[in-house]
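Trainee: Pasting in a structure now, in C-alpha cells, and then I'll have a few things to ask.
The values are calculated or read from the model by the stated rules, or taken from the named source; none is laboratory data. These numbers come from a predicted model, not from an experiment. Cβ sites come from the backbone with ideal geometry, for glycine too, and all protein chains shown count toward neighbours.
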Amino acid sequence: MRSVQAVILAAGSGTRMKSAIPKVLHPICGRPMIAYALDVAAALGVKQPVVIVGDAAEQIQPHLSKGAKLVIQKQPLGTGDALLCARKALAGCSGDLVILYADTPLLRRTTVQRLLEAHHRANATCTLLTATLADPTGYGRIVREAAGEIAGGVEEAEANQTQRAIREINVGPIVVKAPALFEALAAVGPSQTAKKEWYLTHAIGLIAKQPAAKVQAIRVEHANEALGINTRVELVRAMGIIRQRILESHLGSGVTILDPHTTYIDHGVMIGQDTVVHPGSVIESGVTIGRRCTIGPYARLRRGVMVEDDAHIGNFVELVRTTIGRNVRIHHVSYLGDTTVEDDVNIGAGTITANFDGTDKQPTTIGKGAFIGCDTILVAPVRIGSGAVTGAGSVIPKGHDVPNRGVVVGVPARPLEKSAEQIIGAPAAKSREIGKAALSRGKPKARVAVKRPVQVPAPARARGGPGKEPARKAARLARTRNSKPSKRKATRRR
Ligand code: UD1
Ligand code: MG
C-alpha cells in the first residue's frame with residue numbers, strides 16, 4: 001500500500017452534545033471517542049496523523065498518539081475551514097490525504113483500508129465513503145448526476161425537498177489528492193445557512209467539476225458504521241454497537257458470556273479461554289483475566305486488575321488495581337483495592353480492604369493459601385501471611401501484619417493461640433480439595449474443613465468492642481468454643 005497522510009477533524013464545538021466535555025473525549029467502552037479515529041489512522045500505517053482541535057486542545061492532547069501533530073482551529077467555522085487551518089502542517093504532502101472525522105467511531109479500519117485501495121486502484125482524485133440509510137436525517141446527502149457520477153455533497157441545512165429525499169449519505173472519511181483539495185478549499189465560500197460555515201463537502205463538488213478529476217465513492221458494508229455522533233442519543237447507540245462487537249470478539253475466542261445484554265466489557269480487556277462471565281458484570285479497560293475463571297454475576301473489575309487462571313470472582317465483588325492469584329475464591333460481596341492476593345486464597349463474604357487513608361491509596365498483600373474470614377476488614381497497608389487465618393468479623397489494623405500461618409480474631413484483631421490447621425483443619429487450598437472430593441463422591445462429610453472457620457467466635461468479642469473484654473478471657477472462650485464442640489460434632493457426624 002502506498003504511504004498516505006491522515007488528518008483527523010476534532011475541532012467542532014459539539015454543541016448538540018450539551019456538555020462541558022469536548023465531544024471527542026466522551027468515553028465509549030473505556031476510551032475517548034477520538035481513540036477510534038486514531039486507531040484507524042494507525043492501521044493505515046500513518047505514524048504522525050495531523051489532528052485538528054479547537055479550544056479544547058489542552059484537554060485532548062494527552063489522549064493523542066505519540067507522533068500526532070496538533071493543529072489549532074481557533075474558531076469552529078466548519079470542516080472546510082478546519083482543513084485550511086492544517087494547510088501549513090500538510091505543506092510537505094503532495095500525495096493522498098485520508099480525512100477522518102473524530103465523531104464516527106464505528107467506522108472499521110478494514111473499511112477505510114478498502115476506501116484507500118479503491119482510490120489507488122482507480123487512480124481517483126477523490127474517493128468518498130457513502131451509506132444508504134433508511135433514515136438519512138441529519139447527514140450530508142450525496143448528489144449524483146443522471147449517469148450516476150458524483151456531483152458533490154449537500155448538507156441537510158441547505159438541502160431542498162428533493163435533495164432531502166436522497167438516502168445516500170456522506171459517512172465522512174475521504175481520500176483525496178492534497179493539491180486538488182487545497183485548490184478547491186480556497187475557492188469554497190461560506191454556506192448559505194445560518195451558521196455560515198465552510199463545508200468540506202462543498203470542496204468535493206468543486207473537485208468534481210474539474211474535467212480531469214475523477215470523484216468516486218464506495219459504500220460501507222454495514223450501515224451502522226456510518227453513525228456520526230452529534231447527540232447523546234447517538235453516543236449511547238454507538239456504545240451499544242461497540243459493546244456488542246467487543247462481546248462477540250470474546251465469544252469468538254472461547255469465553256462464555258451468559259447474558260450479553262447485561263454484560264459490559266470495555267475495549268482492551270483480555271480474557272482467557274473457558275472463562276465464564278455471568279450476568280451483570282462490568283469489566284473495565286486494561287483488565288486481564290486468565291483461563292477457566294468465573295466472573296460474576298454482578299462483579300465489577302476496574303482498572304489495573306489481573307486475575308490468574310481458575311479464580312472465582314463472585315457476586316457483588318469489586319476489584320481495583322488488584323492482582324488475584326490462581327485458584328483464588330472471592331465468592332461474595334467483597335471489595336479489594338490495591339491488593340495482591342497470592343494463589344489458593346479464600347476470601348470470605350464481606351471482606352473489605354480499607355485502602356484509602358484519606359490522602360493516598362495503600363497496599364494489602366494476602367499470602368498464598370490464606371483464609372480470610374467473612375466480614376474481615378483489612379486496613380492497609382497490611383500483609384496477611386501465607387496460610388494465615390482471620391476470624392469472621394475481624395478488623396486488622398494497618399501495619400499489624402499477620403505472620404505466616406498466624407491466626408487472628410476480633411476487633412482490633414489479636415492473635416489466637418491456635419494454629420491455622422486447628423482452625424481450618426488444613427491449609428485453605430487443601431481444605432478445598434477435601435471439600436471438592438467429598439462433593440464429587442456425592443456425600444459431603446461433616447469433616448469438610450473449609451466449614452470450620454464459622455466456629456471462630458469473633459462475633460461474640462466484636463460485640464464486646466475493643467478493650468471491653470479482657471484478652472485472656474477472650475482467648476479462653478475461643479479455645480472452648482473452637483476445640484471441644486467441633487471435635488464432638490465431627491465425631492458425631494462421622
Ligand atoms: C458532517 C458532514 C456530513 C456528514 C456527517 C457524517 C460536513 C460539512 N458535513 O456533518 O456531510 O454526513 O459529518 O457524520 O463535513 N469539525 C472541525 N471543525 C469545525 C467543524 C467540525 O474540526 O469547524 C470536526 C468535528 O469535531 C467532527 C467533524 O469535524 O469530528 C464533523 O463535524 P460535525 O459538526 O459533527 O459535522 P456533521 O454535522 O456531523
Ligand atoms: Mg458529526
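Trainee: Only one of 95, 78, 67 is of a type outside the set (Ser, Thr, Tyr) and either buried (at least 18 other Cβ atoms within 10 Å of the Cβ) or at positive phi (or both). Can you tell me which?
Mentor: Numbers: 95 fails: either buried (at least 18 other Cβ atoms within 10 Å of the Cβ) or at positive phi (or both); 67 fails: either buried (at least 18 other Cβ atoms within 10 Å of the Cβ) or at positive phi (or both).
Residue meeting the stated conditions: 78.
Trainee: For segment 173-271, which helices (runs of 4 or more DSSP H) that fit wholly inside it have 1 or more residues that are under 26 Å from residue 305 (Cβ atoms), touching a Gly at 6+ places or on another chain (Cβ under 8 Å) and assigned by TED's automatic domain parsing to the domain that holds residue 293? Quick ask: steps written out before the conclusion?
Mentor: Values: elements: 178-187, 200-209, 232-252.
Answer list for segment 173-271: none.
Trainee: Checking residue 81 against (1) touching a Lys or Arg at 6+ places or on another chain (Cβ under 7 Å); (2) within 10 Å of ligand 1 (Cβ to nearest atom); (3) among the acidic types (Asp, Glu), only one condition comes out false. Which one?
Mentor: Residue 81 satisfies all of (1) touching a Lys or Arg at 6+ places or on another chain (Cβ under 7 Å); (2) within 10 Å of ligand 1 (Cβ to nearest atom); (3) among the acidic types (Asp, Glu) except (1).
Trainee: Can you work out which of the residues in segment 12-33 that are touching a residue at least 24 places away in the same chain (Cβ under 8 Å) and under 15 Å from the mean Cα position of the chain (by Cα) is farthest from ligand 2 (Cβ to nearest atom)?
Mentor: The selected residue is 30.
Trainee: Something else about it: Name the residue that is nearest to residue 386 (Cα to Cα), counting only residues in segment 406-431 that are within 40 Å of the chain's Cα centre (by Cα) and modelled with pLDDT of 90 or more. Explain how you work it out, then say what you get.
Mentor: Narrowing segment 406-431 to residues within 40 Å of the chain's Cα centre (by Cα): 406-413, 420, 424, 426-431.
Now restrict to residues that are modelled with pLDDT of 90 or more: 406-413.
Values: 406: 8, 407: 11, 408: 13, 409: 16, 410: 20, 411: 21, 412: 20, 413: 17 Å.
Within segment 406-431, the match that is nearest to residue 386 (Cα to Cα) is 406.
Trainee: For residue 335, which of the numbered conditions (1) within 20 Å of the chain's Cα centre (by Cα); (2) over 20 Å from residue 264 (Cβ atoms); (3) aromatic (Phe, Trp, Tyr) fails to hold?
Mentor: (2)
Trainee: Run down 40, 4 and say which single residue is surrounded by 22 or more Cβ atoms within 10 Å (Cβ to Cβ) and either under 25 Å from residue 215 (Cβ atoms) or assigned by TED's automatic domain parsing to the domain that holds residue 185 (or both).
Mentor: Values: 4 fails: surrounded by 22 or more Cβ atoms within 10 Å (Cβ to Cβ).
The conditions single out 40.
Trainee: Give me the pairs, please: first residue somewhere in segment 157-181 and under 14 Å from residue 223 (Cα atoms), second residue anywhere and within 16 Å of ligand 2 (Cβ to nearest atom) and of a type in the set (Lys, Arg), beta-carbon distance under 7 Å, and either six or more positions apart or on two chains.
Mentor: Within 7 Å, the pairs are 168/141; 169/141.
Trainee: Quick one: how many residues across segment 98-121 are away from ligand 2 (no atom under 16 Å from the Cβ) and in contact with a strand residue (DSSP E or B) (Cβ under 6 Å, 6 or more places away or on another chain)? Talk me through it step by step, then tell me what you get.
Mentor: Restricting attention to segment 98-121, the residues satisfying the condition of being away from ligand 2 (no atom under 16 Å from the Cβ) are 98, 108-121.
Narrowing further to those that are in contact with a strand residue (DSSP E or B) (Cβ under 6 Å, 6 or more places away or on another chain): 98, 112, 115-116, 118-119.
Of the residues in that region, 6 qualify.
Trainee: When segment 7-27 is examined, which residues are found to be closer than 23 Å to residue 233 by Cβ and crowded, with 22+ Cβ neighbours inside 10 Å? Give the derivation first.
Mentor: Of segment 7-27, the ones closer than 23 Å to residue 233 by Cβ are 9-27.
9, 10, 11, 12, 14, 22, 23, 24 - these are the residues of segment 7-27 that are closer than 23 Å to residue 233 by Cβ and crowded, with 22+ Cβ neighbours inside 10 Å.
Condition check ((1) buried (at least 18 other Cβ atoms within 10 Å of the Cβ); (2) under 21 Å from residue 141 (Cα atoms)) across all residues:
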{"position": "182", "(1), (2)": "yes, no"}
{"position": "202", "(1), (2)": "yes, yes"}
{"position": "207", "(1), (2)": "yes, yes"}
{"position": "215", "(1), (2)": "yes, yes"}
{"position": "268", "(1), (2)": "no, no"}
{"position": "271", "(1), (2)": "yes, no"}
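Trainee: Another question, if that's okay. Of the numbered conditions (1) touching a residue at least 40 places away in the same chain (Cβ under 8 Å); (2) closer than 21 Å to residue 302 by Cβ, residue 411 fails exactly one; give the number of that condition.
Mentor: Residue 411 satisfies all of (1) touching a residue at least 40 places away in the same chain (Cβ under 8 Å); (2) closer than 21 Å to residue 302 by Cβ except (2).
Trainee: Here are the criteria: (1) more than 9 Å from ligand 1 (Cβ to nearest atom); (2) modelled with pLDDT of 95 or more; (3) within 39 Å of the chain's Cα centre (by Cα). Tell me which single one residue 184 does not satisfy.
Mentor: (3)
Trainee: Does any residue in segment 71-89 that is without any contact (Cβ under 8 Å) to a residue 12 or more places away in the chain come within less than 7 Å, Cβ to Cβ, of a residue that is more than 10 Å from ligand 1 (Cβ to nearest atom) six or more places away or on a different chain, and which pairs are these?
Mentor: No pair meets every condition.
Trainee: Going through segment 155-172 one residue at a time, which ones are surrounded by fewer than 22 Cβ atoms within 10 Å (Cβ to Cβ), aliphatic (A, V, I, L, M) and not in a loop (DSSP other than H, G, I, E, B)?
Mentor: Across segment 155-172, the qualifying residue is only 157.
Trainee: Of the conditions (1) of a type outside the set (Gly, Ala, Ser); (2) modelled with pLDDT of 95 or more; (3) out of contact with any strand residue (DSSP E or B) (no Cβ under 8 Å at 6 or more places or on another chain), residue 434 clears all except one; give me its number.
Mentor: Unmet condition: (2).
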